[in-house]
1. How large is the charge dipole for the range 18-61, taken about the Cα centre, if only the Cβ atoms of Lys, Arg (+1) and Asp, Glu (-1) carry charge, to the nearest 20 debye?
2. Could you sort the peptides 21-31, 58-68, 37-47 by per-residue average Cβ neighbour count (10 Å cutoff), highest mean leading?
Amino acid sequence: MPANLLLHCGAHAVTRAVLESIPTPRATRTWRPVPHAGLLRSVEETLDRHRLAVIGQAHGLTHDGSRYFGLIEVRPRQTPVSLAEDRGYTRVVGIRN
């Protein structure tokens with residue numbers, strides 16, 4: 001899990017299980033909300049297609065669960081974790097919904 005997920009006032013860190021349980025608001029004629037967990041799965045599938053392995057995640061919610069922010073640490077699949085750590089940095093993808 002990325003250690004530096006800083007959330008502003010009113011936000012709180014959540015587990016993936018909590019994220020999966022957040023209800024999606026009803027769509028309107030002009031607005032089609034996307035489930036937070038569905039967006040996360042879509043990003044993970046895209047990362048996988050581009051041969052990036054997920055090595056850590058952190059998730060946060062605010063506004064009674066209606067706003068989501070996530071961080072996913074990734075590395076190329078063929079790069080050993082120890083090599084990425086030796087470089088002193090990791091790649092992180094940010095998600096907002």
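Laboratory data are not the source of any read-out in this text; all were calculated from the coordinates shown. Note that the structure is a prediction, hence the values are computed from the model and not measured. Ideal geometry is used to build each Cβ from the backbone, glycine not excepted, and the neighbour counts take in all protein chains shown.
1. 260 debye
2. Details: 21-31: 9.6, 58-68: 16.7, 37-47: 14.8.
Averaged packing, sorted descending, gives the order 58-68, 37-47, 21-31.
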